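Novice: Just dropping this structure here.
Read-outs throughout are calculated quantities, based only on the coordinates presented, and are distinct from any laboratory measurement. If you're wondering where the values come from, they're calculated on a predicted model, not measured in any experiment. Every residue, glycine as well, gets a Cβ built from its backbone with ideal geometry; the counts of neighbours run over all protein chains shown.
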C-alpha cells in the first residue's frame, strides 16, 4: 500500500508531534508537582523557614516540561531532514 | 551595643549552672502578655513608626495604658463578642421559627404536655391516614411551606413510638420548636427588633475600639518594644553559665569588632569583667567539629536585597560562600531576558514604586527592590527585542515596520529576525540582528544558543564556588574529583555541541575528549562509579536553561495574540471590514482597547510571577546545588540587643 504524503501533511504531522511533546510533558510535570506542592504547603504551614527549600523541591519537576519543549523546538526548527519541507 | 551573638549554655557541665533571670523580669513579661492581648483585640499590626517616644514617657504612660485603656478595650471587646453571640442565637431561633409560620398554632401550644407526645417537622407525603391507623386519638395540623409540608402531630404519649415509626416512613424530619409564647409572626418580629437594637449598640462600640486604636497605636507599639527589650535584658542570664560568685557568657563577635566589645564591656563593668578570645587552635577545632558558628552576610548596599533570596534557601555556613553577589549579577539579567518588554518593564517599575510606599517592612522592601532591578533589565532587553507591549505593539503601530522588499531580502540572506519596533528607523548589531523579533525562527535558534551559554557560565561559576568551598573545608579530593569534573563536563559538552552546530569538527573532538576525561575523573572521585549516575543530570541542568527562552516565548506569544486580536481581528470586524486604522469606528476602537488592556494586564501579572520564579529555580536547583549540597544550613549572626524603632535612643 502506498503512503501518499505531501510536504504540507508532513509538516502538519510534525506540528502535531511537537504539540504532543510539550503538552504531554506538561501533564507529567503537573502530576509530579501535585504531590510535592501539597506536601510543601503542609510543611510551610508548620515551619515557615522551610519555604525556600520547599520551593526548590516544588520546582524540580518543572524541568520535564522544558525537555518536552526542547524536543518540540528541535522538531519544528532544527531537524534537518524536515527543515527542507518547511515552507515559510 | 548589638555585637555579641550569645550561645545558650546548655547546662552540661557540673561546675556551672544555668543563670536565673534578674530584676523585675516577671512583671515585664506579664505586662508584655497583657499588652499583646490588648493589641490583639485591637487588631494592631506592626508598622513603620510615625513618631518615636522617650523611655520616660513610656514609663509614665504604661500604667494607664495597660490598666485603664486596656480594661476599657477588653470590656468593649467582650461586649462586642457577647452581642455577636446573642445576635447569632437569635438568628438561629428565627430560622427555626420561620417554617412554623404555616401552622395555625400559637407557640405555647407546642410545649408543656404530660400525656401528649408532640411531633413537629417536615414530611414528604400526607400522614393523616397512617397516623390515624395507629393512634385513633390524634390532632394533626398541616401547612405547606415553600418546598416541604410542615406538620404538627399530637398523639397520646403511650402511642409515641408507633407514631414515630409511621412518621419516619413518610420522610419525617424534626424541627426544633423554641420555647416562646404567642403568635409565630409576632415572635419573629420581636426577635428581629431586638437584633436591630443589638446591632445598633455594636456600631458605636466598634467605633470606640477604632478610636482607641488610632489614638494609642504608636504608643502601644513603642511600649511593646520597651517591654520586649526589658524582658530580653532581664532574662539574658538564663543563657549564661553561672557559679556561686561568677558567670561566663559564651558568644561570637565579628573579629574586627572584638576590641570594641572588650573595651566597652570592661569599661562598663569597672574592671570586674574579663573578656578574652579562645585560642586559635580551639577555634579551629570548633569549625571542624561542625559547631554552629553564626555567619553574617556582608554585602554592599546594592547587593543587600538579594540576601533575601539566599536566606530563603539557607544561611551560608561559616566557611561557605555567600552567593548573594552572584544572584545580584545573574538574577536581574535572567529576569530581563525572560520578560524583555519595554512597556511591561516600565509598568512594573511604576507599580512597584507605588507599592514601595505602602509596604514599609524591610522584607517587602528587599523583595520590591529585587523585582525593580529586574524591571530595569526588562526594559533594556525590551529594546533589544523591539517589544513594547508585545511585538506589533502600540509603538510599532505608530512608527511602522520594515518595508516588504527589505524583509524579503533579509529572509533570503537567512538573517530575518523579524521586524522590530524601530521599523524604518533601522536595526542595530553586527548582522543587523537587533531589534530581534522573538517569534521568528532565527531568533528562537539564536536565543537557544544564548540561553545555553548563560547556563554554562552560570553552572561554571557555581562549580568554581563549589571548589572553593571544598578547599575551605580542606577536602581536596572532593574539590578536584567531584566539583571540578562537573564544570569540565558541562563546559566541554557544550563546546562539543557548538562544534556540531557550527560544523567545526575539531571543536567537537576536543569537547568529546575532555568530556571523557571528566567522566573518568568522576569515577576516580570519592563517589566512585556511583558518580556516573549524576551524569545525565549535568546535561539536564544545561537544558533547563532553555526556560530562559521558553517562558519568554510564552509571554510574547500572549502579547502578540492580544495585539493581533485587537488590531487585525476585532477592530476591522467591528468597523465593517476596514483595514486602515483611520477607518476604524469609535466602537471598534473602544472594544479593541478594552481587549488590549484586559489581556495585557493578565500577561503582566504572569510576567511578574514567572520571570521571578524561574530564575529563582535556576539559582536554587542548578547553581546552589553545586556548592551548597555538602554542607549548608548555617546559623544567622543575631547579636544580643534590640533595634529601637519606636523608642528614642
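Novice: Fewest first, what order do B:585, B:60, B:324, B:228 take by the number of other Cβ atoms within 10 Å?
Specialist: B:60, B:585, B:228, B:324
Novice: May I ask you to derive the FRET efficiency for residue B:238 and residue B:48 from their Cβ-Cβ distance with R0 = 30 Å, giving the value to the nearest 0.05?
Specialist: Computed FRET efficiency for residue B:238 and residue B:48: 0.40.
Novice: If you don't mind, there's one more thing I want to ask. What distance in nm lies between label points placed 7 Å from Cα along the C-beta direction at residue B:90 and residue B:355?
Specialist: Once both label points are built, they end up 4.4 nm from each other.
Novice: Could you list A:58, B:502 so that the one with the fewest beta carbons within 10 Å of its beta carbon is first and the one with the most is last?
Specialist: Final ranking by Cβ density, sparse to dense: B:502, A:58.
Novice: Mind checking Rg over Rh on chain B, alpha carbons, Kirkwood formula for Rh?
Specialist: Rg/Rh: 1.13.
Novice: Can I ask one more? Using a simple spin-label model with points 7 Å from Cα along the Cα→Cβ vector, what separation in nm is obtained for residue B:165 and residue B:256?
Specialist: 9.3 nm
Novice: Summarise the partner chain shielding of B:300-312 as one whole number: the mean count of Cβ atoms from other chains within 10 Å of each residue's Cβ.
Specialist: Per residue, the average neighbour count from other chains is 1.
Novice: Using per-residue counts of other Cβ atoms within 10 Å, averaged over each peptide, order B:12-19, B:67-74 from highest down.
Specialist: Descending mean neighbour count gives B:67-74, B:12-19.
Novice: Show that you can apply the helix-only estimate: for chain B, add -39,500 (n - 2.57) for every DSSP H stretch of four or more residues, divide by all residues, and state [θ] at 222 nm to the nearest 500.
Specialist: -18500 deg cm²/dmol
Novice: Here's something else I'd like to know. So if each residue of separation counts as 0.36 nm, and I subtract the Cα-Cα distance between residue B:583 and residue B:37, what length gain in nm does that give?
Specialist: Here the segment from residue B:583 to residue B:37 would lengthen by 189.9 nm.
Novice: Is the protein assembly as shown rounded, prolate or oblate when judged by the Cα gyration tensor, a ≥ b ≥ c being the square roots of its eigenvalues, rounded requiring a/c under 1.5 and prolate requiring a/b larger than b/c?
Specialist: oblate
Novice: Indicate the gyration tensor shape class of region B:112-176 (rounded, prolate or oblate), computed on the Cα atoms with a ≥ b ≥ c the square roots of the eigenvalues: a/c under 1.5 is rounded; otherwise a/b larger than b/c is prolate and the rest oblate.
Specialist: prolate
Novice: Sorted from fewest to most neighbouring beta carbons within 10 Å, what does the list B:614, B:534, B:111, B:5 look like?
Specialist: B:111, B:534, B:5, B:614
Novice: What percent do you get for the relative contact order of chain B when only Cα pairs under 8 Å and 6+ apart count?
Specialist: 17 percent
Novice: With a/c under 1.5 counting as rounded, go ahead and sort region B:72-210 into rounded, prolate or oblate using the C-alpha gyration tensor (a ≥ b ≥ c being the square roots of the eigenvalues; past the cut-off, prolate if a/b is larger than b/c, else oblate).
Specialist: Cα axes put region B:72-210 in the prolate bin.
Novice: Further question: Please work out the C-alpha center-to-center distance from region B:525-567 to region B:141-180 and express it in whole Å.
Specialist: The two parts, judged by their Cα centres, are 68 Å apart.
Novice: Right, another one. State, to one decimal in nm, how far the label point of residue A:47 lies from the label point of residue B:643, with both points 7 Å from Cα in the Cβ direction.
Specialist: Between residue A:47 and residue B:643, the label points sit 2.6 nm apart.
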